[in-house]
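Student: Below is one structure. I have some questions about it.
The values are calculated or read from the model by the stated rules, or taken from the named source; none is laboratory data. Everything numeric here is computed off the predicted structure, so don't read it as measured data. Here the Cβ is made from the backbone with ideal geometry for all residues, glycine too, and neighbour counts use every protein chain on show. To get the accessible areas, we keep the full protein, side chains included, count just its heavy atoms, and leave off ligands, DNA and RNA. Shrake-Rupley method; radii C 1.70, N 1.55, O 1.52, S 1.80 Å.
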Amino acid sequence: MTSVEKARVRAESDARAHGYYLHPDPASLQDLLEGLQRNEERYGYPSCPCRLASGAFAVDRDIICPCDYRDPDVQEYGYCYCALYIRKDVSEGETPITPIPERRPPAKQARAYDVAAETTNDKHVNIPVTLLLTNTLNLWYCKQCGYVCFREDSPYLCPICKAKKEMFAPLSITVQG
Amino acid sequence: MTSVEKARVRAESDARAHGYYLHPDPASLQDLLEGLQRNEERYGYPSCPCRLASGAFAVDRDIICPCDYRDPDVQEYGYCYCALYIRKDVSEGETPITPIPERRPPAKQARAYDVAAETTNDKHVNIPVTLLLTNTLNLWYCKQCGYVCFREDSPYLCPICKAKKEMFAPLSITVQG
Amino acid sequence: MTSVEKARVRAESDARAHGYYLHPDPASLQDLLEGLQRNEERYGYPSCPCRLASGAFAVDRDIICPCDYRDPDVQEYGYCYCALYIRKDVSEGETPITPIPERRPPAKQARAYDVAAETTNDKHVNIPVTLLLTNTLNLWYCKQCGYVCFREDSPYLCPICKAKKEMFAPLSITVQG
């Protein structure tokens, strides 16, 4: 099985597991899978084929496919930013696939561009620590189902119960004794 | 897409993601989706259309759809309390849909009634703090797969590995140094 | 519904929820489900029907079905060690089902054999505490999506975002004040 076929099998499984479908046009789908595969080879992780990656994991984390924005985008628009993952009604052709807004916050985009610029200008330059250290990780929990995660910010949708971002609160660990 | 259609798409995706089906009768299904939508508008969260909500999030948390009781009910009876989510064999008509016992503990039902009574009698009365503070949250982990959550009590089924409630233990954080 | 039928319904739901299929041969599938059911009765948990269980939960934890090795095996080979869970392309007969390597680490296999030997020789002997206490549990988090779990070692694949084992790091809780 080629690397692109592996990417296809993985995307198909993930789509089924989430109740999604893949892009209905075979040529577009092939392009997206090849883009994922190229990024996997280049960066060591399959970052989004429709966005600029910086090459620094901590900065690209949110756009590694399936990206942080996939589930809220499929819920709101019917498909993700790339239209790799789409909803049943879109798959059945009831809704046309047109460009959707970029949900990734401008601050995260800017950070990625800054790091990408650093790494492109001189492959051996050190990425400024300040750029990478902006990622402070926190414990979060979903007030609806209790799901706990350790991330820079809370997820857009709870992966367990699908509660929205507003349902997450920081989890402070207090110690007795 | 109307709000009820959004509720339908969300329920369809969630059903597929869990290997479930939706109520086979279109009119019953429409009623349930409209009930969810009404609760979403009234309370700000889609609480179960077949149960009385109090309007206080901390008290209604366990009956926000998909409720805490869905997965154990589908596993044991073939469908949830509302029969919104049903199992394949029931969907194929091998098992009739008849009322199932209420799995929600009487203490939680009573708490909801108490809060609902308070809020109905006088919309501006303060809900007694004691009613709301009975929700002490704890960290729990699944002894089978390690899933960690922060909830009032452990889930009925682990959302990751489907282990039963007895497989959960409290997670005490101890600190070194 | 018989116990074996319950095991079948549970396996079918879990397969659908993960985008997997079950063994295509009805007789083989029946054997596997009966094996799971026998282990559930014998040990109190459905340990893998193709591996030796020790009877000590802490030692068998990783081979309770769905075992820790299922998802990486399906991803790499197309089916799990038992071939109970298989990938779509294998289900469609494109790939033959042949034995795959045992992914369970030799140290865990050895521990299981040691405990099994102790319990078989004399049902009432105490299992040496040292054998069981080798299971030190730690908090882990997925650097890609933030999933948190409390286990002996990190999972092979993140159950939420499917990131590989290398994406997990220990989570140290530090306390302020």
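Student: Can you say whether A:Ser13 is assigned to a loop (DSSP other than H, G, I, E, B) and open to solvent by less than 30 Å² (accessible area, probe 1.4 Å), as far as the supplied structure shows? Please lay out each step first, then the result.
Tutor: Numbers: assigned to a loop (DSSP other than H, G, I, E, B): no; open to solvent by less than 30 Å² (accessible area, probe 1.4 Å): yes.
So A:Ser13 does not fit the description; no.
Student: Looking at the stretch B:21-31, can you tell me whether even one residue there is of a type in the set (Gly, Ala, Ser) and open to solvent by 30 Å² or more (accessible area, probe 1.4 Å)? So that I can check it myself, show each step before the final result.
Tutor: Let us first name the residues in the stretch B:21-31 that are of a type in the set (Gly, Ala, Ser), namely B:27-28.
Add one more test, that the residue is open to solvent by 30 Å² or more (accessible area, probe 1.4 Å), and what stays is B:27-28.
Yes, the stretch B:21-31 contains at least one residue that is of a type in the set (Gly, Ala, Ser) and open to solvent by 30 Å² or more (accessible area, probe 1.4 Å).
Student: Turning to a different aspect of this structure: Can you pull out the residues in the stretch B:71-102 that are at pLDDT 95 or above and charged (D, E, K, R)?
Tutor: Those that are at pLDDT 95 or above and charged (D, E, K, R): B:Asp73, B:Glu102.
Student: In the stretch C:16-47, which residues are assigned to a loop (DSSP other than H, G, I, E, B) and within 13 Å of chain B (Cβ to nearest Cβ)?
Tutor: At the first step, the residues of the stretch C:16-47 found to be assigned to a loop (DSSP other than H, G, I, E, B) are C:19-20, C:23-25, C:44-46.
Answer for the stretch C:16-47, where residues must be assigned to a loop (DSSP other than H, G, I, E, B) and within 13 Å of chain B (Cβ to nearest Cβ): C:Gly19, C:Tyr20, C:Gly44, C:Tyr45, C:Pro46.
Student: So, one more: Scan the stretch A:55-73 and give yes if some residue there is within 22 Å of C:His18 (Cβ to Cβ), within 14 Å of chain B (Cβ to nearest Cβ) and either polar (S, T, N, Q) or in contact (Cβ under 8 Å) with a residue 60 or more places away in the chain (or both), otherwise no.
Tutor: As a first pass, look at the stretch A:55-73 and keep what is within 22 Å of C:His18 (Cβ to Cβ): A:64-68, A:70-71.
Still in the running and within 14 Å of chain B (Cβ to nearest Cβ): A:66, A:70-71.
Imposing the further condition that a residue be either polar (S, T, N, Q) or in contact (Cβ under 8 Å) with a residue 60 or more places away in the chain (or both) reduces the set to A:71.
The answer is yes; a qualifying residue exists.
Student: Determine the pairs where a residue that is over 15 Å from C:Glu12 (Cβ atoms), located within the stretch B:83-107, has a partner that is open to solvent by 60 Å² or more (accessible area, probe 1.4 Å) and of a type in the set (Ser, Thr, Tyr) with Cβ atoms under 6 Å apart, the partner being 6 or more residues away or on another chain.
Tutor: Listed pairs, sorted by first residue: B:Ile100/B:Tyr77.
Student: From the residues in the stretch B:36-83 that are among the polar types (S, T, N, Q) and surrounded by 21 or more Cβ atoms within 10 Å (Cβ to Cβ), which one is nearest to B:Lys165 (Cα to Cα)? I'd like the intermediate steps shown before the answer.
Tutor: Pass one, the stretch B:36-83, residues among the polar types (S, T, N, Q): B:37, B:39, B:47, B:54, B:75.
After this cut, where a residue has to be surrounded by 21 or more Cβ atoms within 10 Å (Cβ to Cβ) as well, the list is B:39, B:47, B:54.
On the way: B:Asn39: 28, B:Ser47: 23, B:Ser54: 26 Å.
If we take residues in the stretch B:36-83 being among the polar types (S, T, N, Q) and surrounded by 21 or more Cβ atoms within 10 Å (Cβ to Cβ), then B:Ser47 is nearest to B:Lys165 (Cα to Cα).
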